[in-house]
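Okay, so here's the structure we're looking at.
The values are calculated or read from the model by the stated rules, or taken from the named source; none is laboratory data. Computed from a prediction, not measured in an experiment: that's the story for all the values here. Every residue, glycine as well, gets a Cβ built from its backbone with ideal geometry; the counts of neighbours run over all protein chains shown. Ligands, DNA and RNA are excluded from the accessible area calculation, which covers all protein heavy atoms including side chains. Shrake-Rupley method; radii C 1.70, N 1.55, O 1.52, S 1.80 Å.
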Amino acid sequence: MKWPNLKWPRPQWLHRHQPAGAAPSRVRSRDQLREAVASIACRPVRSLLTITGTVLGCAAFVAILGLTDTARGQITSRFNELEATTVTVVDANAQANQADRTIYSFPDDVGARLRPLNGVVDAGVYFSLYVARPALTPGQSGDRATIANRPQSDGLGSATGASLTVWGTEGGALAAAGASLASGVWFDDFHLLTDQPVAVLGPAAAASLGVATVRTNPTVFVGDDSYTVIGLLADCGALPELGNAVMLPAPLARQRYGNPTNPAHALIRTDLGAARLIARQAPYALDQSHPENLSAVPPPDWSMVTDDVNASLNGLLLGLAAVALIIGCVAIANTTLVAVMERAGEIGLRQALGAKPVHIMVQFLTESVILGLLGGVLGSAVGVAAVIVGAVARQWTPVLDPWLLLLAPAAGLVVGALAGLYPAWRASRLPPATALQRL
Amino acid sequence: MTDPVIELRQVARTYPGPPPVHALRPTDLTIQAGDFAAVVGPSGSGKSTLLNLLGLLDRPTGGSYILDGQPTERLSPAQLAGLRGRSVGFVFQSFHLLNHRTVLDNVALAGLYDHRPRSERLARAAEMIDLVGLTPRLGALPATLSGGERQRVAIARALASRPAVLLCDEPTGNLDSARSQEIVELFESMNQAGFTIVMVTHDEALAARARRRLDVLDGQVHEARAARP
Ligand SMILES: Nc1ncnc2c1ncn2[C@@H]1O[C@H](COP(=O)(O)OP(=O)(O)O)[C@@H](O)[C@H]1O
Ligand SMILES: [Mg+2]
């Protein structure tokens with residue numbers, strides 16, 4: 001048998017006069033990339049199996065962070081945290097019998113009874129009062145008593161505020177409402193239990209009574225009773241009706257001016273997630289024998305994704321995702337290391353064709369980086385799909401930080417680079433003659 | 001044909017055992033451009049060691065070696081790789097083709113590490129594949145080729161970098177005698193066109209076809225038959 005081309009043309013390059021020289025070999029980076037991609041593409045199943053760990057790790061990261069964001073988005077849009085931790089207790093008995101002013105169902109130490117409950121941050125009762133002017137003449141009886149910063153007995157009533165109201169409160173109600181003080185303090189158990197004649201003024205009340213600070217020991221007069229002002233509110237928080245209030249210690253106020261005109265309320269601030277439990281416990285804590293007299297209003301039900309339990313669960317899941325990424329890294333490292341041994345012949349051939357050690361190293365490193373990047377991109381896609389499915393199943397709006405979509409592939413890339421470093425270095429150290437002997 | 005492509009002066013290779021193996025004892029050897037030399041010897045005599053040294057796949061433990069006019073003693077690994085890629089074409093007993101790449105891609109690997117653009121490499125590869133008569137199999141994978149065809153692909157790849165010398169280590173070791181004859185005929189015709197070829201073999205019949213014969217025994221090389229015209 002004869003060759004089709006037995007008559008060889010004399011090759012032109014045999015006429016060259018200058019020798020090849022000792023310049024180090026060079027490769028175009030685009031070609032190097034192409035070689036790496038070709039190596040991965042020609043083993044698709046193995047490549048896919050290799051990156052499974054990385055895919056799972058990146059998917060877990062994206063899914064966990066994305067679902068947390070999504071849930072948090074729901075909470076802030078529909079349901080703010082303040083609302084979620086507020087429990088209001090109403091005097092139900094008084095509410096049912098509005099005409100009967102003898103009914104008052106709260107104990108005198110509402111705050112002291114509720115605070116020990118696990119999950120209560122602060123609590124206290126508050127109610128408005130009608131203070132009648134003492135009947136000097138029969139006709140005048142029933143008039144509202146004057147509230148002023150000077151005694152009324154001299155008849156020179158001044159700086160009276162017709163719009164001012166009198167409230168009985170406990171300090172805990174103000175704290176629970178998130179009110180803040182401009183000056184002084186609010187009532188503590190000492191003031192409440194020892195019937196101290198003290199008052200706290202709402203911001204509007206303080207302004208109309210001309211009280212700017214508690215340092216000057218100001219006094220307000222409700223009818224003929226004098227009260228030392230110990231606190232001025234800067235802000236009423238969740239109880240804006242206290243803006244023009246002269247607040248007195250609740251037990252003393254009831255003692256002097258009778259039961260509230262409207263049913264009394266107690267305000268309870270709870271820890272996140274504890275509100276519904278506290279709403280069940282509060283009536284019993286306040287009146288063990290007649291809890292039915294008090295009705296507690298819990299916040300609307302919502303499965304809290306951001307409460308402490310879920311936060312730590314989140315940490316655990318992220319930890320698992322990190323473990324998956326490490327496993328993914330080891331998987332890529334292992335496969336690449338095996339490939340280096342398996343492909344010793346190829347390494348030798350490339351060296352025979354002029355590849356210098358760093359070319360071999362870059363080739364294997366590029367392959368593992370591409371594998372890692374591929375794992376990261378695939379993982380992100382799976383994670384995003386999980387977030388969308390999870391959100392749609394609960395009719396939530398999926399929320400995803402766009403940085404996450406960049407971060408996950410970047411994580412995959414880092415995983416691939418770390419995994420490839422050692423195998424690539426090993427590959428570059430193979431002596432060509434030895435590499436070529438292996439198949 | 002007066003300029004030597006290969007010049008060995010007292011080149012030796014000892015593998016540091018233990019025990020140390022003197023695979024190649026100090027050797028003087030010159031291969032001229034246009035030579036077709038057969039290196040013959042029993043297994044383990046040092047033929048591959050000699051060829052690896054000639055191809056810069058291995059470094060001698062003694063002596064000096066000038067390849068294609070370039071002294072190699074003081075070259076860095078990167079420089080050796082560059083010179084190797086440009087000046088030497090290799091043909092191996094086991095072909096060393098990349099199984100997942102087509103015939104064309106395999107041959108186009110030549111020049112990859114010489115900064116040649118892909119278009120140029122593909123053009124040269126197609127030209128060389130035509131010279132060995134495999135143009136119809138351009139897009140085939142090596143697994144679908146016969147042994148003789150695979151070796152022709154490897155020869156095309158070795159030629160595609162336009163080397164000064166072709167080094168062949170038992171190129172017919174995996175082929176039956178008919179295919180071996182074909183390969184040697186191919187070498188003969190290439191040599192007639194001016195190629196410089198060094199071929200290791202332990203097949204006397206094939207060695208007889210070469211223009212020059214070197215016998216290797218226990219690491220000693222001696223000229224068994226000088227170049228004939
Ligand atoms: N990497 C090596 N390390 C140690 N000894 C080696 C190595 N390679 C070859 N040898 C030894 O060197 C001698 C020559 O080997 P080689 O050149 O491969 O022989 P041939 O190719 O003629 O069969 C043998 O004795 C062999 O065992
Ligand atoms: Mg051998």
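If you roll a 1.4 angstrom probe over the protein chains with everything in place, what fraction of the accessible area of the protein assembly as shown belongs to carbon and sulfur, to the nearest %?
So the carbon and sulfur contribution to the accessible surface is 58 percent.
Using modelled amide H (1.01 Å from N, peptide plane; none on Pro or chain starts), what sits under 5 Å from the amide H of A:Thr219, excluding residues fewer than 5 places away?
Hits under the 5 Å cutoff: A:Val229.
How large is ³J(HN,Hα) for each residue in the stretch A:317-327, as worked out from phi by the Karplus curve 6.51 cos²θ - 1.76 cosθ + 1.60 (θ = phi - 60°), to whole Hz, x for Gly and Pro?
After applying 6.51 cos²θ - 1.76 cosθ + 1.60, I find 5, 5, x, 4, 4, 5, 4, 4, 5, 5, 4 Hz.
Per residue, how big is the convex hull around the C-alpha atoms of the stretch A:106-286? Give it to me in cubic angstrom, could you?
That works out to 111 Å³ per residue.
If R₀ is 56 angstrom, what is the calculated FRET efficiency for the pair A:Leu277 and A:Val338, using the beta carbon separation as r and rounding to 0.05? Walk me through the numbers before you get to the answer.
Numbers: r = 57 Å, r/R0 = 1.01.
It comes to 0.50.
Would you compute, from DSSP H runs of 4+ residues alone, the mean residue ellipticity of the protein assembly as shown at 222 nm, taking -39500 (n - 2.57) per run and dividing by the full residue count, rounded to the nearest 500?
On the way: 23 runs with 288 residues, N = 668.
One gets -13500 deg cm²/dmol as the mean residue ellipticity at 222 nm.
Which residue, B:Phe90, B:Gln70, B:Leu24, has the largest displacement toward the positive end of the dipole of chain B when charges sit on each Cβ (Lys, Arg +1; Asp, Glu -1)?
B:Gln70
If A:Lys356, B:Lys47 are ordered by their accessible area, calculated over protein heavy atoms with a 1.4 Å probe, which sequence runs from highest to lowest? It would help to have the intermediate numbers written out before the result.
Values: A:Lys356 40, B:Lys47 15 Å².
Largest to smallest exposure gives the sequence A:Lys356, B:Lys47.
Taking θ as phi - 60°, what are the ³J(HN,Hα) couplings along the stretch A:224-238 by the Karplus curve (6.51, -1.76, 1.60), each to the nearest whole Hz, with x for Gly and Pro?
My calculation for the stretch A:224-238 gives 9, 8, 9, 10, 7, 7, 10, x, 10, 7, 8, 7, 8, x, 7 Hz in order.
With every protein chain present, what accessible area does B:Arg116 have (1.4 Å probe, heavy atoms only), rounded to the nearest 10 Å²?
B:Arg116 has an accessible surface of roughly 80 Å² with all protein chains in place.
Using the heavy atoms of the protein chains alone and a 1.4 angstrom probe, what is the accessible area of the stretch A:347-418 per residue in square angstrom? Provide the component values of the computation, followed by the final result.
On the way: 3160 Å² over 72 residues.
Heavy-atom SASA per residue in the stretch A:347-418 reads 44 Å².
How far is it, in nm, from the label point at B:Ala224 to the one at A:Ala212 when both lie 7 Å from their Cα along the line to the Cβ?
12.0 nm
Could you state the angle between the C-alpha long axis of helix B:118-131 and the longest principal axis of the C-alpha atoms of chain B, as a value from 0 to 90 degrees rounded to the nearest 10?
80 degrees
Only Lys, Arg, Asp and Glu count, each charged at its Cβ (+1, +1, -1, -1), so figure out the dipole size of the stretch B:1-127 about its Cα centre, rounded to 20 debye.
It works out to roughly 340 debye.
I'd like to know which of A:Gly372, A:Ser226, A:Leu277 lies farthest towards the positive end of the charge dipole of the protein assembly as shown, counting +1 on Cβ of Lys and Arg and -1 on Cβ of Asp and Glu.
Farthest towards the positive pole: A:Gly372.
Would you please give the residues with an amide H less than 5 Å from that of B:Leu214, counting only those at least 5 places away or on a separate chain, with H modeled from the backbone geometry?
B:Ala38, B:Val39, B:Val40, B:Ala224
Report the charge-dipole magnitude of the stretch B:6-223 in Debye, nearest 20, computed about the Cα centre from +1 at each Lys and Arg Cβ and -1 at each Asp and Glu Cβ.
Approximately 600 debye in magnitude.
Pop a pseudo-label 7 angstrom from the Cα along the beta-carbon direction at both B:His115 and A:Ala96 and give the gap in nm to one decimal.
Each label point is offset 7 Å from its Cα along the Cβ direction, giving 9.7 nm.
Mind grabbing the interface size between B and A? I mean buried accessible area, both sides, 1.4 Å probe, in Å² to the nearest hundred.
Looking at B and A, the buried total is near 4700 Å².
Which residues of the stretch A:352-366 show a drop of at least 50 Å² in accessible area when all protein chains are present, compared with their chain alone (probe radius 1.4 Å, heavy atoms only, ligands and nucleic acids excluded)?
The answer is A:Ala352, A:Leu353.
How many Å² of accessible area per residue for chain B, probe 1.4 Å?
On a per-residue basis, 38 Å².
Could you work out, residue by residue across B:47-60, how many beta carbons of other chains sit within 10 Å of that residue's beta carbon, and then give the average as an integer? Could you put the intermediate results ahead of the total?
Details: counts 0, 3, 1, 0, 1, 7, 1, 0, 4, 5, 9, 4, 2, 0.
Mean inter-chain Cβ contacts per residue within 10 Å come to 3.
Determine the residues within the stretch B:182-217 where the difference in accessible area between the chain on its own and the full set of protein chains amounts to at least 40 Å²; count protein heavy atoms only and use a 1.4 Å probe.
Relative to the lone chain, where solvent access is computed with a 1.4 Å probe, the stretch B:182-217 loses at least 40 Å² at B:Glu182, B:Glu185, B:Ser189, B:Ala193, B:Phe195.
With equal scatterers on the alpha carbons only and no solvent term, can you work out the Debye log10 of I(q)/I(0) for the protein assembly as shown at 0.09, 0.12 1/Å?
-0.82, -1.14
To the nearest 0.05, what FRET efficiency results for B:Ala208 and B:Asp130 with a Förster distance of 22 Å applied to their C-beta separation?
On the way: r = 30 Å, r/R0 = 1.35.
The pair B:Ala208/B:Asp130 has a calculated efficiency of 0.15.
Once you charge only the Cβ atoms, +1 for Lys and Arg and -1 for Asp and Glu, what is the size of the charge dipole of the protein assembly as shown about its Cα centre, to the nearest 20 debye?
Dipole of the protein assembly as shown, to the nearest 20 debye: 4040 debye.
Could you work out the mean count of beta carbons from other protein chains within 10 Å of each residue's beta carbon in A:339-347? Please report the intermediate quantities before stating the final value.
Values: counts 0, 0, 0, 0, 1, 0, 6, 5, 0.
Mean inter-chain Cβ contacts per residue within 10 Å come to 1.
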